[in-house]
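Trainee: Here it is, the structure, as structure tokens.
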Amino acid sequence: MMKLTARALLPLLLLAACGQQGADVAQPASDDSASPLPPPPVARASITLGSFEGPVTDLAALEAKPFGFQSAILAANGDAGIAAIRADGEASTVIETIEAPYLIATASFPTGDAILSLSQSGDLDLLDPEGSGSIASGRVATGAMSDLCVFSGDETATAVVVTASSTVAFVDVSLTGEPISVVGTPEVIDGVIGCAAVGDELYLRTAEGWDRQTASGAKPTPLENAPVLVAAGGEVFAVEPVGEDARLLVNGQPFDTQTADGEPLRPLMVEPAYGNFGGVLRDGALIVLDEGLGLHLIPWPAIAKPMGWPGQLESLLPDDTVMPVDGPPLPSLELDDGPLDLKEPGAAPREPYGEDELPQPPDLPENR
């Protein structure tokens, strides 16, 4: 898979800033004579992870290998920091940040993972998921923040920051601790309100919908103008929460959403969780925050299977990434300058064999 850096993405940003506009995407004509539609499929959460007392402004996920249930669901919880809840709901912790997190994302490298926390004032903080503090930080934008998305790379990940004034900036980050700074000059792209990193492609959202950024400029897509994009099996799905109807719209298809107890779930915010999150969540999930600030996980197959869509949100971790697993320490042996002498307790040391004294293999019975 090609890994993108800020310097590779910057030419796309410059082309988009030139104001290139594409043709309108045709919409299907309505048919008033069509027979009534069947009721929407039901997408039921497999687990409720808890609820928050204070406001939550963003969600993200951090997959763990080899055991998916140890993966974490992350929530930007204002002055309380970033809440990290294990996917099976059995443990949680708080990751402290320099500034109150407003937007969050994750980046995976062959040598480890990082959490990106963007404050409302434009300070980006690269955090250790284990809670040991900030790896690097820096001011990357000014004014109100609108969106944050991240492309993971080999040694460097690229964060795309969108402000409320439609300024788009690229930022390279790594685990080396080097200071965070913007690559190139941030550009103002009229009407841009959001971004999405889908595979190796950058999508920018305007009031008209999602544009895919290419080497020849911005290309309009037929995707619904929903706030979240999800990639599955080479396809892209636009997801929108509709809390008042207790529904999610996925590429315009409505799904009635329910809690794990079968009660109506009124989604306020949704984000994808790629990879294995254990049990029925081994093929990925949608993280859903409801209007009461309850946090739920809906298995992606609950969305995909009724529609015949690709049924897995594939892992974003590098193929050779295996996260450490806690367990009992292995016994250690202290060796002196000589060879290790294994013998029965209390037995005298064995003298070395001479050439003529080597033990012989036992006689084997003849075949009968």
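Trainee: For a test of the definition: using alpha carbon positions, the gyration tensor, and the 1.5 limit on a/c, classify region 216-317 as rounded, prolate or oblate.
Mentor: Oblate, since a/c reaches 1.5 and b/c is not below a/b.
Trainee: Using a cut-off of under 20 Å, list every residue of region 235-268 whose amide N is near the label point 7 Å from the Cα of E208 along the Cα-to-beta-carbon line.
Mentor: Zone members listed by number: 238.
Trainee: Hey, how much of the P(r) for region 28-155 falls beyond 23 Å, as a percent of Cα pairs?
Mentor: 41
Trainee: Return an integer: the convex hull volume of the alpha-carbon atoms of region 122-170, in Å³ per residue.
Mentor: Taking the convex hull of the Cα positions in region 122-170, it is 84 Å³ per residue.
Trainee: Rg and Dmax of region 155-219 over Cα atoms: what are they, in angstrom?
Mentor: 12.6, 39
Trainee: Another question, if that's okay. What's the center-to-center distance, using Cα atoms, between region 252-284 and region 44-71 in Å?
Mentor: 11
Trainee: Let me ask something additional. M307 versus I98, label points 7 Å from Cα toward the beta carbon: distance in nm?
Mentor: 4.0
Trainee: Quick check: net charge around D113, other residues with Cβ under 13 Å of its Cβ, Lys/Arg +1 and Asp/Glu -1?
Mentor: -2
Trainee: What is the local net charge at V168, summed over the other residues whose Cβ is closer than 14 Å to its Cβ (Lys, Arg +1; Asp, Glu -1)?
Mentor: Neighbourhood net charge equals -3.
Trainee: Order of L313, L126 from fewest to most other C-beta atoms within 10 Å?
Mentor: The most exposed by this proxy come first: L126, L313.
Trainee: Ranking S315, S35 by Cβ neighbours within 10 Å, fewest first, what do you get?
Mentor: Starting with the residue having the fewest Cβ neighbours, the order is S35, S315.
Trainee: Arranged by the count of other C-beta atoms within 10 angstrom, fewest first, what order do F151, F67, F52 take?
Mentor: Ranking F151, F67, F52 by Cβ neighbours within 10 Å, fewest first, gives F67, F52, F151.
Trainee: Would you mind calculating the gained length between E291 and L37 on full extension (0.36 nm times residue separation, minus the Cα-Cα distance), in nm to one decimal?
Mentor: Length gained between E291 and L37: 88.7 nm.
Trainee: Quote to one decimal, in nm, the extra length available between F69 and R139 on full extension: 0.36 nm per residue of separation minus the C-alpha distance between them.
Mentor: 21.7 nm
Trainee: Another one. For C149, what charge total do you get from the other residues with a beta carbon under 13 Å from its beta carbon, if Lys and Arg give +1 and Asp and Glu give -1?
Mentor: Residues close to C149 contribute a combined charge of -4.
Trainee: For the pair D245 and D128, what calculated FRET efficiency results from E = 1/(1 + (r/R0)^6), where r is the Cβ-Cβ distance and R0 = 35 Å, to the nearest 0.05?
Mentor: 0.30
Trainee: Related question: Got a sec? Charge dipole of region 97-158, +1 on Cβ for Lys and Arg, -1 for Asp and Glu; which of G153, F109, S137 is way out at the positive end?
Mentor: Checked the options; the winner is S137.
Trainee: What is the magnitude of the charge dipole of region 151-264 about its Cα centre, with +1 placed on the Cβ of each Lys and Arg, -1 on the Cβ of each Asp and Glu, and no other charges, expressed in debye to the nearest 20?
Mentor: It comes to approximately 260 debye.
Each reported figure results from applying straightforward, stated rules to the coordinates on display, with no laboratory input. Everything numeric here is computed off the predicted structure, so don't read it as measured data. Neighbour counts run over all protein chains shown; Cβ positions are idealised from the backbone, glycine included.
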